[in-house]
Amino acid sequence: MPTVLITGTSTGFGHLTTELLASRGWHVFATMRDLAKKDSLERALRDKGLLDRVTFERLDLTDQSSIDAAVKSTLDQTGNTLDGVVHNAGVAVVGALEDLPEAEIRRVMETNFFGVLALTRGLLPVFRAQKHGRIVLVSSQSALSGQPGNSMYAASKWALEGWAESLAYEVDPFGIDVIVIEPGPYRTEIWNNTIWVEPQNSLYRSWVRTLHQSVDWHKAKMSRDPQEVAAAIVNALETPRPRFRYQVGFFAHLDYFLRGRVPTWLIRRGTARYLGLPRTR
């Protein structure tokens, strides 16, 4: 039975990927920051007769001791082997940079970037010793093009992809694959849980409120079934020769096509017009 560790499994892509992999014969170490939130996934697995194929572990990507404990517990149970890791957990904060609290900026970068590095470093010795392993990173359409009000999330994903492209050189001689999944808008909980920073006295308040309304409309109209992303992650883990990068959904494919072909200023102008943002010059 192949084994995989997945972060952020309480909802969304992580939840669905856990179910799908368990149904395909994998043993999944489903991790989340708060194990009190495992009920929905646990119930779904029990209803499908898959609960014995999933082990729940607590893992907080902003806490090195939590990462170390989750890695040790997982490897103790697998006999010091693991076939893959899916870095799925992610958070966001939206607003103008001048208004963003420092703590929120650091929370996004610690979870989406530095936590991924720390967990990967904890697992690389095992992958290297067994001469195989898949490191699957759930990135985003925002790694392909900047997004208004979403600078920290985009920065974390751009950093993640630059690191992933570089890491691939280092680990390739050991039979380790690095794979990036780039979803567009999907119906998950991340944006429902995202903090929107709109201070009453901010010079950006009107701009951010317009953006908030437009993004809500865009999500409602354009968001797709997250099962598509779960299927892409499973394919990345199971296909014999995976690509480095997979776009999932229309908007991710569009941004990937436009990048390098269309000037950034033109993409920015088109995005602002689509979202109804004011242009002052």
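Structural remarks
- 3J(HN,Hα) along region 175-184, derived from phi through the Karplus expression 6.51 cos²θ - 1.76 cosθ + 1.60 where θ = phi - 60°, amounts to x, 9, 9, 10, 9, 10, 9, 10, x, x Hz, with x in place of Gly and Pro.
- Local net charge near Glu161, Cβ-Cβ under 9 Å (Lys/Arg +1, Asp/Glu -1): 0
- Solvent-accessible surface ranking, highest first, for Glu98, Glu182, Glu42, Glu189 at 1.4 angstrom: Glu98, Glu189, Glu42, Glu182
- Taking a ≥ b ≥ c as the square roots of the Cα gyration tensor eigenvalues, region 1-134 comes out oblate, since a/c reaches at least 1.5 and a/b does not exceed b/c.
- Taking Ser151, Ser73, Ser140 in turn, the Gaussian network model of the chain (Cα-Cα springs below 10 Å) assigns the largest fluctuation to Ser73.
- About the Cα centre, charge dipole magnitude for the chain (Lys/Arg +1, Asp/Glu -1 at Cβ), debye: 940 debye
- DSSP H segments from the chain that extend 20 Å or more along their own axis, Cα-based, with Kyte-Doolittle mean of 1.6 or above: none
- Rounded to the nearest 20 debye, the dipole magnitude of region 136-192 is 300 debye, with +1 charges on Lys and Arg beta carbons, -1 on Asp and Glu beta carbons, and the Cα centre as origin.
- Exceeding the 26 Å Cα-Cα cut-off - candidates Lys157/Lys221; Lys38/Lys131; Lys38/Lys72; Lys37/Lys72: Lys38/Lys131
- Sequence of Leu16, Leu123 when ordered by accessible area, the most exposed leading, probe 1.4 angstrom: Leu16, Leu123
- The listed residues Tyr256, Tyr169, Tyr204 rank as Tyr169, Tyr256, Tyr204 when sorted by accessible area, largest first, using a 1.4 Å probe.
- Prolate/oblate/rounded call for region 102-151, Cα gyration tensor, a/c under 1.5 rounded: oblate
- The chain shape via C-alpha gyration tensor axes, a/c threshold 1.5: prolate
- Taking all protein chains into account, the per residue accessible area for region 57-183 stands at 39 Å² (1.4 Å probe).
- The dipole here belongs to region 1-87: it is taken about the Cα centre, uses +1 on the Cβ of Lys and Arg and -1 on the Cβ of Asp and Glu, and is about 220 debye.
- Eligible aspartates and glutamates near Lys219 by straight Cα distance, threshold 15 Å, same-chain separation 8 or greater: Glu189
- Spatial separation of Cα centroids for region 102-119 and region 42-66, in angstrom: 22 Å
- A straight Cα-to-Cα reach below 18 Å connects Lys48 with the aspartates and glutamates Glu19, Asp39, residues fewer than 8 places away in its own chain not being considered.
The values are calculated or read from the model by the stated rules, or taken from the named source; none is laboratory data. All values reported here derive from a predicted model rather than from experimental measurement. All Cβ positions, glycine included, derive from the backbone under ideal geometry; neighbour counts span all protein chains shown. With ligands, DNA and RNA removed, areas are computed over all heavy atoms of the protein, side chains included. Shrake-Rupley method; radii C 1.70, N 1.55, O 1.52, S 1.80 Å.
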